[in-house]
Protein chains: 4
Amino acid sequence: MNAPLRLGMVGGGQGAFIGGVHRIAARLDGQWQLVAGALSSDPLRALASADELGLDSSRSYASWQEMARREAARPDGIDAVAIVTPNHLHAPVATAFLEAGIDVICDKPLATSQADARALQALAQRRERLLCLTHTYSGYAMVRQARAMVEAGELGVLRLIQVEYAQDWLAEPIELTGQKQAAWRCDPALAGPAGALGDIGTHAYHLASFVSGLQAESVCAELSSLVPGRRLDDHVQVMLRFPDGVRGLLWASQVATGCENALRLRVYGSRASLEFAQEQPNELLFTPLGGATQRLTRGRVGSAEAQAATRIPAGHPEGYLEAFAQLYRDAAEHIRARREGRAVAPTSRWLTTAADGVAGLAFVEAVLASHRAGSAWTPLQQEGATP
Amino acid sequence: MNAPLRLGMVGGGQGAFIGGVHRIAARLDGQWQLVAGALSSDPLRALASADELGLDSSRSYASWQEMARREAARPDGIDAVAIVTPNHLHAPVATAFLEAGIDVICDKPLATSQADARALQALAQRRERLLCLTHTYSGYAMVRQARAMVEAGELGVLRLIQVEYAQDWLAEPIELTGQKQAAWRCDPALAGPAGALGDIGTHAYHLASFVSGLQAESVCAELSSLVPGRRLDDHVQVMLRFPDGVRGLLWASQVATGCENALRLRVYGSRASLEFAQEQPNELLFTPLGGATQRLTRGRVGSAEAQAATRIPAGHPEGYLEAFAQLYRDAAEHIRARREGRAVAPTSRWLTTAADGVAGLAFVEAVLASHRAGSAWTPLQQEGATP
Amino acid sequence: MNAPLRLGMVGGGQGAFIGGVHRIAARLDGQWQLVAGALSSDPLRALASADELGLDSSRSYASWQEMARREAARPDGIDAVAIVTPNHLHAPVATAFLEAGIDVICDKPLATSQADARALQALAQRRERLLCLTHTYSGYAMVRQARAMVEAGELGVLRLIQVEYAQDWLAEPIELTGQKQAAWRCDPALAGPAGALGDIGTHAYHLASFVSGLQAESVCAELSSLVPGRRLDDHVQVMLRFPDGVRGLLWASQVATGCENALRLRVYGSRASLEFAQEQPNELLFTPLGGATQRLTRGRVGSAEAQAATRIPAGHPEGYLEAFAQLYRDAAEHIRARREGRAVAPTSRWLTTAADGVAGLAFVEAVLASHRAGSAWTPLQQEGATP
Amino acid sequence: MNAPLRLGMVGGGQGAFIGGVHRIAARLDGQWQLVAGALSSDPLRALASADELGLDSSRSYASWQEMARREAARPDGIDAVAIVTPNHLHAPVATAFLEAGIDVICDKPLATSQADARALQALAQRRERLLCLTHTYSGYAMVRQARAMVEAGELGVLRLIQVEYAQDWLAEPIELTGQKQAAWRCDPALAGPAGALGDIGTHAYHLASFVSGLQAESVCAELSSLVPGRRLDDHVQVMLRFPDGVRGLLWASQVATGCENALRLRVYGSRASLEFAQEQPNELLFTPLGGATQRLTRGRVGSAEAQAATRIPAGHPEGYLEAFAQLYRDAAEHIRARREGRAVAPTSRWLTTAADGVAGLAFVEAVLASHRAGSAWTPLQQEGATP
């Protein structure tokens, strides 16, 4: 059988956001099991976090240096490490684990400078270890479908790439109010010289490159700080020149009021165009020259690569799995509450119960009876069923 | 800490579909661990399935009867069983586990008759055990938001409920071609007297009841078999009378050409209306009388119940987690392939690599340089970066 | 040349709504010229209305009986009459003009009973005169495209017709507040026994019949008055049986809170389906079995019939003409205001002026200059240009 | 009464496109009557065109110079002239009519250079005559609504303006195939130095300025000819600096495969944002910071300015009038065909006839009967009704 691989994690302790996302993602397909961690630079928080996640206390480390050393030495050591620390630690942590011969899955960015990134790339090649980045958007089935279509030449010769990434969570100067996510991202000392550019502009650029298969040759750019007093760019606009005369625009903004996470890519070729909007990830719009726009949907059509990145049939949006998981989460809460002799959390009270099962069958039986009676109005038999 | 609860599964062996969905759902939040199973009535397949899932062979049972008995006797026995067998076994299996004092999570329908369902309901009450159904659609955050808004009176007095569930996978007589899913669903001997009605009509009805808080009082219905020769209904249309003069329509079809899984609910009240479409589960449309339609989005606004059913911020659609998981799946494949000395599966070849990390930083540095030079065109430094 | 035909109008005087729509429609293509009218049963209002419309006073009649008689006698008498009176007068007025040998364009319904309608139909046939109804929705290019596609067999064998017409303007009992449009429509004495059924249900039914080419064989229906105290139906739901086993649903509501004029048709066949939503009339969704949904747009693709019903290219929505007309309306207001020595109406103040023309050229010239200078930032030359 | 104003037209003879649009627009509201023209520089075509349009032959002029002179001298001379000639004639023709004291409605651009445009602007001011441009998109009700909301401060302080205008009709080198519209637009000798920039970039810029109330201060631009061999720009991308730190992007393309006439504006302010897409002109999306996106619809909500630019109620899209007009056009064709003893044009054969009126009443009567019989299935009485 395919036993799960053993995963370690650096960063991602209590209070962190992206660590939790990595853990769900690692767990979802049953391919990974979290077994070790250096979850926080604060030893107490590291222990508490490890306990909450059910890690063996002997594999909750006080430092990532120690973790790399000791896990490399164990016969059942981790197969890979996930790095979810603040950005400036990505390179040193990745270096330590690669040197220890351990594969690395790193949150983006790979490093804080191109020079450091190139050094890491060389190290991984030398040690023959995996060094990969979680540019999430390239994991969508329809993004892979887009790339497959570009590779297959379905767009003809590429001409134009438009990519945009609009958010609004920095539309007010919340970095002054102590909001932690905002505070470090708007502080040049912590985030480096790139604000929105580094935070989301790089995602937009990666998506454009991933789908088109092209890297820009040169850029003409302007950064702005549209919120008065902000110390880093919160709006980026860039004109791009790709090889062979392909032209592009990229804009990314964290002050585009009303936008949640509006990452959107359009690629125009001589024969057809593609459009992908991250907020509707189950579809890809394809328009051949002179023809009607086609809405390609995840699961119904697609390349082998797109099919391999989908788990459920067409029409069941990604998200169906989370809805399903919610029922399991609610059931767990009901069982725990009963055992602990306490009330169920109000937010889990809407479990689908046996009463619903009864009501459903009452409905079916009444419909069948009405139909058999030539569509006569037919009452449902239901005693005390509650929705 | 919250150790995961122990889950057993009846049904869901190799080749089954919904069992896999249950397993992902159970795993996603880290609340459940699959430890036992009677995965198939075929002993060999049961064992192979258990092995593939990493179950201890001593807890792979040849029958669900044995499983109920022995798990109930173990000190570390399962906390709950998930029933994913063919429909006619739901009631006997659930009965066995409830009798053994084990909580039950059952795929829908609860039973094949209302009488059986009521008996199960009573048994669960008597034994004080959980008996819940996986009506998935009620797990969506925005469905819970809809219910919370109805309960809070934001729609005023309810007047009208429109629910529809349109698919097209039975638009041709594929039950004659040996397609397994179709064959049993179109055979009255296996599926009972209700075709599309039982398969998806019940989901539509549950969704309408869940959100409105209402059960129908009576129905006026017509079933049709629109594909020539089909032996069960593939199209259902029902007029409904709910309490207090509320009126409704329900239609469900498995021959609505062009529809994938188009479950859609609209509820109209005296003050406002709501609309939910399952294929766009991250949004809920709300229109107050005389006002503009508002697009409520998961994560940005919402009741406590909706917030509790969401895992990631607004604008990151449910599905973001699957995209993320895809990267972890690809990384696992890369590591396994290297260790096994084989090529990476082509469908996993698009991992985001260090080269992408380098390219991203090359982009950032060029943008910063262009900006500092008054938006001068600035080349990217990139040596061998490949998308 | 094609001189415009001469049009007379019965009804449609000051304060009426639909008369104005008929006049715009008649004028838009330059095919008709309004030359005579019996615009109101109130002689003073008839005269004032005729004057406002620029009719020769000798052709403003005090009664439609007189108008039919005298226009039939004139050598330059009207070519056709448009009937826009209250419903109960449609049949007698149409009868009078048909008897006088004059073609009739009648607002719907043709009569208040099927018997009267059949009599009129027979009369028109006998007199060999045109008797047509303004079921507006059949005039949309994409509705005609839909019909052409059904006729051409592109949907295969029809199976299912879903039509709905949802409004909300009667969601409150405004008939009690003196709202005129509501008062007569909700009064059985004036509107007859059908409320929403006659007002909009008939439009829905006509659209379904027009596109499918089918008339229902039988119906199973329920009418409701969902607003307490309302004396006629404000909600209609109907199950329909069409020939050859085709099934359908029709619902029409004037209390569907949040709906403006949501007429929507879906037709499902064995090979493909079509969807048309009146509020997006420039597009038609077409989905072949197993394929992607295609968005067919007015002007880009289409049958001869659809092309003949379009005036402007693809991407210029119907409505472009109204936007264009607005500029002419504003220009007229500016000229009239100047001549009358008064201020321009505030709502016409946003005329596009010479300053805009100057600004546009300043933009063009600056862009050309920037481009020629290698994308250097280049100021616009503009002195006093105001948007 | 408000007699229509008298309109003359220069250009717009047989074969021209935009002249016909101007004539429909002028006619639609009944404010203008076309009475004179210099419709073509080719005298025969001018006469034929005038005849086709029903102009008095004495007012069909061989030259616009003569037309300006003679119309100015008539007591019933034209109130205004519409200029729809090739671009290079706009300035001289406008000059002639302004000098003659006649108001001018000019297709865009006002002139071929900023200097000429400024001279015209000064002339119009000196002669106190109207000189307006038909920047159509500013005539949409929801564009005016957008402007009114910006003026009222509903967006807070403006920060960001994104405007794009994407077409694909030049995605292939059709200027080489003799396509007339393409040939002159792609020839620097006829179109001047700006291709897509002058043709549609100026519309995008005008829309951005109209809604925001801002003119750009400086631009950083790149023009491209993405179709090999094309002699003028077919793709434009511009970064813009507006006053007070407002930033913007504009792109316009005539090679964006799959785009029909995709003009789209987004304006972001500190408190809210607006989005308008020309292909859906009946709606405007408004999103307050932290709130839900609202779909504002023409007719339902709006400023006085928006209301003044709408003719029909909410939910009746602009386009409803064209659909209505289609029925009148079809009726005219039926009458003419009968009189001329010929068959009706096939494209006008789908007139709604008395048979439809009968069928509609059969439907109403059957529904009423079914309802009264407790929703019993009730056949329709219909003899020979055809859809």
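The values are calculated or read from the model by the stated rules, or taken from the named source; none is laboratory data. Just so you know, these numbers come straight off a predicted model, no measurement behind them. In this analysis, Cβ positions are derived from the backbone assuming ideal geometry, glycine residues included, and neighbour counts consider all displayed protein chains. Surface accessibility is based on the protein's heavy atoms, side chains included, excluding ligands, DNA and RNA. Shrake-Rupley method; radii C 1.70, N 1.55, O 1.52, S 1.80 Å.
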Report, in deg cm²/dmol and to the nearest 500, the calculated mean residue ellipticity at 222 nm for chain B, where each DSSP H run with n ≥ 4 adds -39500 (n - 2.57) and the sum is divided by the residue count.
-10000 deg cm²/dmol
Along segment B:230-243, what does the Karplus equation 6.51 cos²θ - 1.76 cosθ + 1.60 (θ = phi - 60°) give for ³J(HN,Hα), rounded to whole Hz, x for Gly and Pro?
5, 9, 10, 4, 10, 8, 10, 9, 9, 9, 10, 10, 9, x
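What is the calculated FRET efficiency for A:Val344 to C:Ala189, with r their C-beta to C-beta distance and R₀ = 60 Å, to the nearest 0.05?
The value I calculate is 0.55.
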Go through segment C:152-161 residue by residue and turn each phi into a ³J(HN,Hα) via Karplus (6.51, -1.76, 1.60, θ = phi - 60°); whole Hz please, and just put x for glycine and proline.
6, x, 5, 9, x, 6, 5, 10, 8, 10
Report the label-to-label distance for A:Gln14 and D:Leu44 in nanometres (one decimal), using points 7 Å from each Cα along the Cα→Cβ vector.
9.4
Tell me the Kirkwood hydrodynamic radius of segment C:239-387 in angstroms, computed as one over the mean inverse distance between distinct C-alpha pairs.
21.2
Going by amide H atoms built from the backbone, whose H comes under 5 Å of the H on A:Gly248, apart from near neighbours?
A:Ile161, A:Leu240, A:Phe242
Inverse of <1/r> over all distinct C-alpha pairs of segment D:165-247, i.e. the Kirkwood Rh in Å, gives 13.9
Over segment C:5-133, calculate the relative contact order: mean separation of alpha carbon pairs under 8 Å at least 6 apart, over the residue count, as a percent.
23
For the protein assembly as shown, inverting the pair-averaged 1/r of distinct alpha-carbon atoms gives a Kirkwood value in Å of 35.2
State, to one decimal in nm and shortest first, how far the label point of A:Glu151 sits from each corresponding label point in the other identical copies (label point: 7 angstrom along Cα-to-Cβ).
4.7, 4.8, 5.5
What order, most packed first, do the peptides A:116-126, B:162-172 have when packing is the mean number of other Cβ atoms within 10 Å of each residue?
B:162-172, A:116-126
Whenever you get a sec, compute what percent of the accessible area on the protein assembly as shown sits on carbon and sulfur atoms (1.4 Å probe).
52
Short version: which residues of segment D:300-316 lose at least 50 Å² of accessible area, all chains versus chain alone, 1.4 Å probe?
D:Arg300, D:Glu305, D:Ala308, D:Arg311, D:Gly315
How fast does segment C:1-151 diffuse by Stokes-Einstein, in µm²/s, taking the Kirkwood radius from C-alpha pairs at 37 °C and 0.692 mPa s?
207
Mind listing, in residue-number order, the residues in segment D:323-348 that have at least 50 Å² less accessible area with every protein chain present than in their own chain alone (1.4 Å probe)?
D:Ala323, D:Phe324, D:Ala325, D:Gln326, D:Leu327, D:Tyr328, D:Arg329, D:Ile335, D:Arg336, D:Arg338, D:Arg339, D:Thr347
Using just the C-alpha positions of chain A as equal point scatterers, what log10 of I(q)/I(0) does the Debye formula give at each q in 0.15 1/Å?
-1.45
So how strong a dipole does segment D:1-103 carry about its Cα centre when Lys and Arg Cβ are +1 and Asp and Glu Cβ are -1, to the nearest 20 debye?
40
Stokes-Einstein D in µm²/s, Kirkwood radius over Cα pairs - segment D:51-109 at 20 °C with 1.002 mPa s viscosity:
180
Jot down the per residue volume, in cubic angstrom and as a whole number, of the convex hull over the alpha-carbon atoms of segment D:13-83.
84
Considering only protein heavy atoms, what per residue accessible area in square angstrom results for segment D:151-210 with a 1.4 angstrom probe?
36
Protein heavy-atom accessible area occluded, C/D pair - total, 1.4 Å probe, Å²:
14400
Å² of accessible area per residue within segment B:5-133, as computed with a 1.4 Å probe and no ligands counted
39
Could you please point out the chain D residue with its Cβ nearest to the axis of the rotation taking chain D onto chain B, and the distance in whole angstrom?
D:Gln294, 3
Rounded to the nearest 20 Debye, what is the dipole magnitude of the protein assembly as shown about its Cα centre when Lys and Arg each give +1 and Asp and Glu each give -1 at the C-beta?
0
Inter-copy label distances at C:Asp76, 7 Å along the Cα→beta-carbon direction, one decimal in nm, shortest first?
1.2, 10.4, 10.5
Determine the relative contact order of chain A: mean sequence separation of Cα pairs under 8 Å and six or more apart, normalised by residue count, in whole percent.
11
Given label points at 7 Å from Cα along Cα→Cβ, what nm distances, shortest first, separate A:Gln307 from the same residue in every other copy?
4.0, 4.3, 5.9
Do any residues of segment D:82-115 lose at least 50 Å² of accessible area when the full set of protein chains is present rather than just their chain alone, and if so which, with a 1.4 Å probe?
D:Gln114
For the protein assembly as shown, give the share of DSSP beta bridges that are antiparallel, in percent and rounded to the nearest 5; count only bridges with both residues there.
60
So what J values fall out for segment C:259-269 if you push phi through Karplus, 6.51 cos²θ - 1.76 cosθ + 1.60 with θ = phi - 60°, rounded to Hz, Gly and Pro as x?
9, 8, 8, 7, 8, 8, 10, 10, 10, 10, x
If you bin the C-alpha pair distances of segment C:176-325 every 5 Å from 0, what whole percents do you get?
2, 8, 14, 17, 16, 15, 13, 10, 6, 2, 0
